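Undergrad: Take a look at the following structure, please.
The values are calculated or read from the model by the stated rules, or taken from the named source; none is laboratory data. Predicted, not measured: the structure shown is a model, and the values here were computed from it. Positions of Cβ are backbone-derived with ideal geometry, glycine not excepted, and every protein chain shown enters the neighbour counts. Keep in mind that these areas ignore ligands, DNA and RNA; they rest on the heavy atoms of the full protein, side chains included. Shrake-Rupley method; radii C 1.70, N 1.55, O 1.52, S 1.80 Å.
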2 protein chains.
Amino acid sequence: MQRQAVALEAAYLLMNHGPVTLVSTAHGERRNVMAASWAMPLDFSPPKVAVVVDRTTLTRELIEASGRFTLNIPCRAIAGQVLAVGSCTGREVDKFATLGIATAPGSVGDAPLIDGCVAWLECRVISEPHNEQRYDLFLGEVLAAWADPRVFADGRWRFDDDALRTIHYLAGGNFLASGDPFTVAGE
Amino acid sequence: MQRQAVALEAAYLLMNHGPVTLVSTAHGERRNVMAASWAMPLDFSPPKVAVVVDRTTLTRELIEASGRFTLNIPCRAIAGQVLAVGSCTGREVDKFATLGIATAPGSVGDAPLIDGCVAWLECRVISEPHNEQRYDLFLGEVLAAWADPRVFADGRWRFDDDALRTIHYLAGGNFLASGDPFTVAGE
């Protein structure tokens, strides 16, 4: 896993373009990972995020028990794993073992960093029980952020390698890769 | 403006891949449009969305006054307008007149539909004052959804024309176009 620290005030850039995420969690001996397209930045500094986590999931249980989660940003090379972790439940299988997902320890909590991803945002839950119970909506403060310097450095994504492009989920196993960059001149 | 109704239960597909949005609003004689990358689906049916709207904006004032907003999904052809509406304030200029932005009337409220976009989600605010005041976070229920049938039909995006690709904002005038579609076979 190649990773470099990303300054907290730049953490929002890791998600600003709306890629799909993997939510990793751990509590005690248990850990899990699920896919979430419904995640976005919520604030710049301190950086915050919002993510929707269904109440039936093991991930939800582990987030509520630990008060922590990590948003991992996957790339095209592991799109198969992204679909697979979204297609089974951690209540029935150990997704890490079954799907051959390697991890590294988190730096500020127990939630693992998923190998093969290109960015990682380690978060603590900002407790908002009404949002959680009514909307399955969790808010988090980003405590540490990391990126693979091959694709994100100096505050910019650079997708020279198609396999390392971030990805966006549509439906039914269909994704879009993050596409061509272009610049619009300001006024 | 080419648009066809999108079934409400499919409305989340218009935003699932994380494109940048334009938030349009109106109240009385006043109307405005701003850019927002921090927007995501929140529920399938009835469809809900979440969007961050800074407390200093005219858009915020018009949302609070009207209880309505529309999320417009722009495409590459109008990326210049997207950057421009995010670079000035409706308190100082009429963005529609200054930037030459045409609109059509909304179907369920006063918020206009922005011409040149490829999808539109007309929303009513789900009142959550704590989220709005503490996090600038607004939740909405989608009351009507529309898409340009050249790029979204039968629940699928098809980006055959590069100019009609949806776009994702990075920073500093830099965007990514929505890229190549690919499919991962399920287990």
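Undergrad: Along the axis that rotates chain B into chain A, which residue of chain B has the nearest beta-carbon, and what is the gap in whole Å?
TA: B:Gly18, 1
Undergrad: Given the whole protein assembly as supplied and a 1.4 Å probe, what does the accessible area of B:Asp161 come to in Å², nearest 10?
TA: About 70 Å², ignoring ligands and nucleic acids.
Undergrad: Given label points at 7 Å from Cα along Cα→Cβ, what nm distances, shortest first, separate A:Glu9 from the same residue in every other copy?
TA: When each copy's label point is compared with this one, the spacings are 4.8 nm.
Undergrad: Right, something else. Roughly how many Å² is the accessible area per residue of chain B, as a whole number, for a 1.4 Å probe? Let's see the in-between values first.
TA: Numbers: 7400 Å² over 187 residues.
It amounts to 40 Å² per residue over chain B.
Undergrad: Hey, for A:Asp161 with labels 7 Å out along Cα-Cβ, what do the inter-copy distances come to in nm, ordered shortest first?
TA: 3.7
Undergrad: Additional query: Report the Cα-based extents of the stretch A:4-174 along its three principal axes, largest first, to the nearest Å.
TA: 39, 35, 29
Undergrad: I would also like to ask the following. For the stretch A:132-152 and the stretch B:1-63, what is the separation of their Cα centres, given in Å?
TA: Using only Cα atoms to place each centre, the spacing works out to 22 Å.
Undergrad: Would you calculate the separation in nanometres between label points at A:Gln133 and B:Ser127, each defined as 7 Å from the Cα along the Cα-to-beta-carbon direction?
TA: 2.0
Undergrad: If you don't mind, there's one more thing I want to ask. Considering only DSSP states other than H, G, I, E and B, which GluC sites (Glu not before Pro) in the stretch B:1-98 qualify as loop sites with at most 15 other Cβ atoms within 10 Å?
TA: Values: sites: B:Glu9, B:Glu29, B:Glu61, B:Glu64, B:Glu92; in loops: B:Glu29, B:Glu92.
Those that pass, being in a loop and sparsely packed, are B:Glu29, B:Glu92.
Undergrad: Scan the stretch B:8-55 for chymotrypsin sites (Phe, Trp or Tyr not before Pro) in coil per DSSP, keeping those whose Cβ has at most 14 other Cβ atoms within 10 Å, and list them by number.
TA: Within the stretch B:8-55, the qualifying chymotrypsin sites (Phe, Trp or Tyr not before Pro) (loop, at most 14 other Cβ atoms within 10 Å) are B:Phe44.
Undergrad: Which order do A:Thr183, B:Thr59 take by accessible area at a 1.4 Å probe, largest first? Please list the in-between numbers first.
TA: Values: A:Thr183 95, B:Thr59 0 Å².
Sorted by accessible area, descending: A:Thr183, B:Thr59.
Undergrad: In a Gaussian network model over chain A where Cα atoms closer than 10 Å are linked, find which of A:Ala119, A:Ala36, A:Ala97 has the largest mean-square fluctuation.
TA: In this elastic network of chain A, the residue with the biggest mean-square fluctuation among A:Ala119, A:Ala36, A:Ala97 is A:Ala97.
Undergrad: What's the longest uninterrupted piece of chain B once you rule out the trypsin sites (Lys or Arg not before Pro) that are loop residues per DSSP with at most 16 other Cβ within 10 Å? Write down the numbers at each step before the final one.
TA: Details: sites that count: B:Arg55, B:Arg91, B:Arg150, B:Arg158.
Counting at most 16 other Cβ atoms within 10 Å as exposed, the longest clean stretch of chain B is B:92-149.
Undergrad: Right, next: Just A:Cys88, A:Cys117, A:Cys75 to compare: in a GNM of chain A, with alpha carbon springs under 10 Å, which one fluctuates most?
TA: Of the options given, A:Cys88 has the highest mean-square fluctuation.
Undergrad: Which percent of Cα-Cα pairs in the protein assembly as shown sits in each 10 Å bin, short to long?
TA: Reading the bins upward from 0: 5, 26, 35, 25, 8, 1, 0.
Undergrad: Pop out the carbon and sulfur fraction of the accessible area of the stretch A:1-126 as a percent, whole number, probe 1.4 Å. Don't skip to the answer; put the middle values down first.
TA: On the way: 2230 of 4670 Å².
In the stretch A:1-126, the share of accessible area belonging to carbon and sulfur is 48 percent.
Undergrad: As I understand it, the dipole of the stretch B:4-177 uses +1 on the Cβ of Lys and Arg and -1 on the Cβ of Asp and Glu, about the Cα centre. Which of B:Gly172, B:Cys117, B:Ser24 lies farthest toward its positive end?
TA: B:Gly172
Undergrad: Which residues of the stretch B:17-32 end up with at least 20 Å² less accessible area in the presence of all protein chains than when their chain stands alone, using a 1.4 Å probe?
TA: B:His17, B:Gly18
Undergrad: A further question follows. If you build the convex hull over the alpha carbons only and average its shadow over all orientations, what do you get for the stretch B:20-87? Give it in nm² to one decimal.
TA: On the way: hull surface 20.2 nm².
That works out to 5.1 nm², a quarter of the Cα hull's surface.
Undergrad: Further question: Which distances, shortest first and in nm, link B:Ser127 to the matching position in the other copies, using label points set 7 Å out along Cα to C-beta?
TA: Here the equivalent label points are 2.8 nm apart from this one.
Undergrad: Could you run the numbers on buried accessible area between B and A, total for both chains, 1.4 angstrom probe, in Å² to the nearest 100?
TA: Details: alone 9520 and 9530 Å², together 14800 Å².
Looking at B and A, the buried total is near 4300 Å².
Undergrad: Looking only at other chains, what is the average number of their beta-carbon atoms within 10 angstrom of each beta-carbon in B:164-176?
TA: Rounded to a whole number, the mean comes out at 6.
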